Amino acid sequence: MRTVMLAFIAVMLCAAPLAAQQQGDIGYTPSKENLEAREWFQDAKFGLFVHWGVYATIGKAEWVMHNDKIPIARYQQQADRFNPVKFDADEWCRMVKDAGMKYITITSKHHDGFAMFDSKISDYDIVDRTPYGKDVIKQLADACKRNGLKLYFYYSQLDWHHPDYYPRGRTDIWYTGRGDNGDWYSYLDYMDTQLSELLTQYGPIGGIWFDGMWDKPEDDWRLSRTYRLIHDLQPAAMVGSNHHRQPYPGEDFQMFEKGLPGKDPFSKGGHVSALPLETCETINNSWGYNATDYNYKSVKDLIQYLVKAAGNNANFLLNVGPKPDGAIQDEFKERLAAMGAWLRENNESVYGTRGGPIAPQSWGCTTHKDNMVYVHVLSAEDQAVALPDFGKKIKKAELLSGGKVEYEQSDKGTVIVLPETGRNEYDTVIRLTVAD
Ligand code: FHN
């Protein structure tokens with residue numbers, strides 16, 4: 001009996017990851033356009049994450065419905081107060097470009113289920129339910145096009161509002177007033193319809209940034225069908241999911257939340273794939289607008305986060321939570337502007353690069369492009385840094401800001417002496433020209 005039980009447990013343990021693996025489209029071969037989009041994405045390096053929804057009217061971030069146990073009937077009233085008359089999509093784009101960012105990823109629907117776009121399958125959306133009555137996603141899509149930015153849509157698979165999101169998952173919310181029943185596959189149909197809307201109403205988009213599958217990861221999400229739908233409608237659109245697991249077939253990039261690849265708190269040191277990588281982070285401690293969160297990260301922290309992401313071969317998606325009136329608070333704008341100023345001076349060591357060739361070190365990290373290696377020294381107090389051998393002969397070393405740099409290379413590695421002048425408080429970048 002015991003043997004049978006053990007065998008049963010062993011089968012169950014093997015079955016879970018297998019079922020999980022099969023969520024994706026096993027036969028997926030990315031199209032040429034998709035592979036080009038991945039290259040573009042990796043070259044772009046820096047994007048703006050936007051968490052914006054009716055929750056902004058409460059000013060307690062995007063989980064307020066859950067955290068404050070607000071029933072649907074009462075939460076819906078927030079839509080009556082959502083009137084972002086100061087929203088100016090072109091101004092957002094100017095801010096993004098000035099920050100050196102190349103794309104925007106915005107919440108088209110968060111866990112509260114409220115669509116920030118004009119959804120035809122539901123009236124629980126910005127056009128039908130708010131005094132504002134206009135589609136902000138459309139305005140942003142048009143402005144991004146005018147400004148040469150790519151637009152990605154965050155879409156929450158988890159939905160605290162839809163009656164068919166049932167059985168409920170980890171965030172089981174009994175206080176919403178929804179019944180204890182629902183047709184799961186009807187919910188997935190609804191989700192696919194909304195995704196089709198997002199992929200057909202706004203021109204070419206960068207991709208879909210899924211979130212929320214972690215709410216009930218072992219359920220049948222029909223991922224292969226949904227991912228195929230997206231790729232059929234827009235072959236170049238990149239699919240990624242913040243499920244905190246290794247990527248499923250059909251996904252085109254892998255994201256990490258609040259940590260560098262493999263070092264984020266959610267994936268528990270998990271697998272870093274060969275797909276394009278991205279890590280997202282907040283400027284204060286909140287994704288959605290939080291009126292009492294004053295824990296702003298410094299410009300130095302943010303620049304170093306971007307550089308470390310690049311050194312780890314990942315993009316950096318930095319978040320703002322706009323106010324309910326559509327304005328972006330000054331504390332965010334100031335930090336973005338400062339990052340942009342730094343990037344204008346150091347752009348060549350970030351854009352178009354890939355991580356390495358030397359693994360991140362205690363003093364910083366490296367990026368590379370063609371026959372250049374960029375050494376990013378993040379600890380300003382270091383007088384010299386030691387680079388392990390990376391198999392290339394260094395022909396020249398210079399500060400990116402100008403000026404010669406002394407170095408000594410042997411078959412064990414290289415010691416670089418940092419000049420007294422020309423160091424940067426955020427990141428001293430040394431450009432090494434290496435032999436082919
Ligand atoms: O629950 C969400 C959260 O609100 C936010 O959207 C972040 C962004 O990465 N993701 C989820 C948690 O993993």
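Could you identify which residue out of GLN234, GLN361, GLN304 has the top mean-square fluctuation in a GNM of the chain using Cα springs shorter than 10 Å?
Most flexible of the set in this elastic network: GLN361.
With unit charges on the beta carbons (Lys and Arg positive, Asp and Glu negative) and the dipole taken about the Cα centre of the chain, which residue among GLY177, ALA73, HIS376 sits farthest to the positive side?
So the residue we want is HIS376.
Tilt of helix 89-98 relative to the longest C-alpha principal axis of the chain, in degrees (0 to 90, nearest 10)?
So the inclination is approximately 20 degrees.
Tabulate in residue order the Karplus-calculated ³J(HN,Hα) for the range 29-34, using 6.51 cos²θ - 1.76 cosθ + 1.60 with θ = phi - 60°, rounded to whole Hz; enter x for Gly and Pro.
Karplus values, whole Hz, x for Gly and Pro: 10, x, 6, 4, 4, 5.
Go through ALA236, TYR103, PHE210 and say which Cα lies farthest out towards the positive end of the charge dipole of the range 101-237; charges sit on Cβ, +1 for Lys and Arg, -1 for Asp and Glu.
TYR103
Ratio to report: Rg/Rh of the range 62-129, with Cα atoms as the point set and Rh obtained by the Kirkwood method; give two decimals.
Using Cα coordinates only, the ratio equals 1.04.
How big is the antiparallel share of DSSP beta bridges in the range 43-161, given as a percent to the nearest 5?
Counting DSSP beta bridges with both partners in the range 43-161, the antiparallel share is about 10 percent.
List the chymotrypsin sites (Phe, Trp or Tyr not before Pro) within the range 211-286 that fall in a DSSP loop (any state other than H, G, I, E or B) and whose Cβ has at most 15 other Cβ atoms within 10 Å. Please list the in-between numbers first.
Numbers: sites: TRP214, TRP221, TYR227, PHE253, PHE256, PHE266; in loops: TRP221, PHE253, PHE266.
Sites meeting the loop and neighbour criteria: PHE266.
Would you mind working out the magnitude of the charge dipole of the range 246-402 relative to its Cα centre, with +1 at each Lys and Arg C-beta and -1 at each Asp and Glu C-beta, to the nearest 20 Debye? Please list the in-between numbers first.
Details: 16 positive and 19 negative charges, 94 e Å.
For the range 246-402, the charge dipole is close to 460 debye.
Evaluate E = 1/(1 + (r/R0)^6) for ASP123 and LEU35, where r is the Cβ-Cβ distance and R0 equals 41 Å; express this FRET efficiency to the nearest 0.05. Could the numbers behind the result be given before it?
On the way: r = 39 Å, r/R0 = 0.95.
Efficiency at R0 = 41 Å is approximately 0.60.
Given the Cα-Cα distance of ASP220 and ARG81 and 0.36 nm per residue of separation, how much length would full extension add, in nm? Write out the running numbers ahead of the final one.
On the way: separation 139, 0.36 × 139 = 50.04 nm, distance 3.65 nm.
Separation in residues times 0.36 nm, less the Cα-Cα distance, equals 46.4 nm.
Percent of accessible area on the chain owned by carbon and sulfur, 1.4 Å probe? Please list the in-between numbers first.
Values: 9530 of 18260 Å².
About 52 percent, which is the carbon plus sulfur part of the accessible surface.
Placing unit charges on C-beta atoms (Lys and Arg positive, Asp and Glu negative, everything else neutral), compute the dipole magnitude of the range 157-269 about its Cα centre in debye, rounded to 20. Walk me through the intermediate numbers first.
Values: 11 positive and 18 negative charges, 81 e Å.
Magnitude of the dipole: close to 380 debye.
In the range 219-351, if the dipole is taken from +1 on Lys/Arg beta carbons and -1 on Asp/Glu beta carbons about the Cα centre, which of SER224, HIS271, ASN295 is farthest to the positive end?
Positive-end residue among those listed: HIS271.
Please give the length that would be gained between SER362 and GLU91 if that part of the chain were fully extended, namely 0.36 nm times their separation in residues minus their C-alpha to C-alpha distance (nm, one decimal).
Working: separation 271, 0.36 × 271 = 97.56 nm, distance 3.88 nm.
Between SER362 and GLU91, full extension yields an extra 93.7 nm.
Once you put a point 7 Å from the Cα of ALA435 and another 7 Å from the Cα of ASP183, both along the Cβ direction, what distance in nm separates them?
7.1
Taking only Cα atoms and a 10 Å spring cutoff, compute GNM fluctuations for the chain and point out the largest among ALA314, ALA274, ALA337.
ALA274
Can you tell me the accessible area per residue over the chain, all protein chains present, probe 1.4 angstrom, in square angstrom? Don't skip to the answer; put the middle values down first.
Values: 18260 Å² over 436 residues.
I get 42 Å² per residue for the chain.
Taking a label point 7 Å from the Cα of ALA380 along the Cα→Cβ vector, which residues of the range 416-432 have an amide N closer than 20 Å to it?
Correct set: 417-431.
Place the peptides 151-161, 367-377, 343-353, 397-407 in order of packing, highest mean first, counting for every residue the other Cβ atoms within 10 Å and averaging per peptide. Mind showing how you got there, number by number?
On the way: 151-161: 23.5, 367-377: 20.4, 343-353: 18.0, 397-407: 15.1.
By packing density, highest mean first, the sequence is 151-161, 367-377, 343-353, 397-407.
Using 0.36 nm times the number of residues separating LYS263 and ASN347, minus their current alpha carbon distance, what extension gain do you get?
Working: separation 84, 0.36 × 84 = 30.24 nm, distance 2.56 nm.
Result for the pair: 27.7 nm of gain on full extension.
With charges set only on the Cβ (+1 for Lys and Arg, -1 for Asp and Glu), what does the dipole of the chain come to about its Cα centre, in debye to the nearest 20?
On the way: 48 positive and 59 negative charges, 103 e Å.
For the chain, the charge dipole is close to 500 debye.
Can you work out the FRET efficiency for the pair GLU331 and HIS271, with r the C-beta to C-beta distance and R0 = 35 Å, to the nearest 0.05? Intermediate results must be reported in sequence, preceding the final value.
Working: r = 36 Å, r/R0 = 1.02.
Working from the Cβ atoms, E equals 0.50.
Sort largest first and round to whole Å: the equivalent ellipsoid semi-axes of the chain, each the square root of five times a Cα gyration tensor eigenvalue.
Details: eigenvalues 314, 151, 76 Å².
Each semi-axis is the square root of five times an eigenvalue, giving 40, 27, 19 Å.
Helix-derived [θ] at 222 nm for the chain: sum -39500 (n - 2.57) over DSSP H runs of at least 4, divide by residue count, nearest 500? List each step's numbers first, then the result.
Working: 11 runs with 125 residues, N = 436.
Taking each H run of at least 4 residues, the total per residue is -9000 deg cm²/dmol.
Would you calculate the separation in nanometres between label points at GLU398 and LYS134, each defined as 7 Å from the Cα along the Cα-to-beta-carbon direction?
Between GLU398 and LYS134, the label points sit 4.9 nm apart.
The values are calculated or read from the model by the stated rules, or taken from the named source; none is laboratory data. Values in this document were obtained by computation on a predicted structure and should not be read as measured data. Cβ sites come from the backbone with ideal geometry, for glycine too, and all protein chains shown count toward neighbours. Remember, those area values only see protein heavy atoms, side chains included, never the ligands or the DNA or RNA. Shrake-Rupley method; radii C 1.70, N 1.55, O 1.52, S 1.80 Å.
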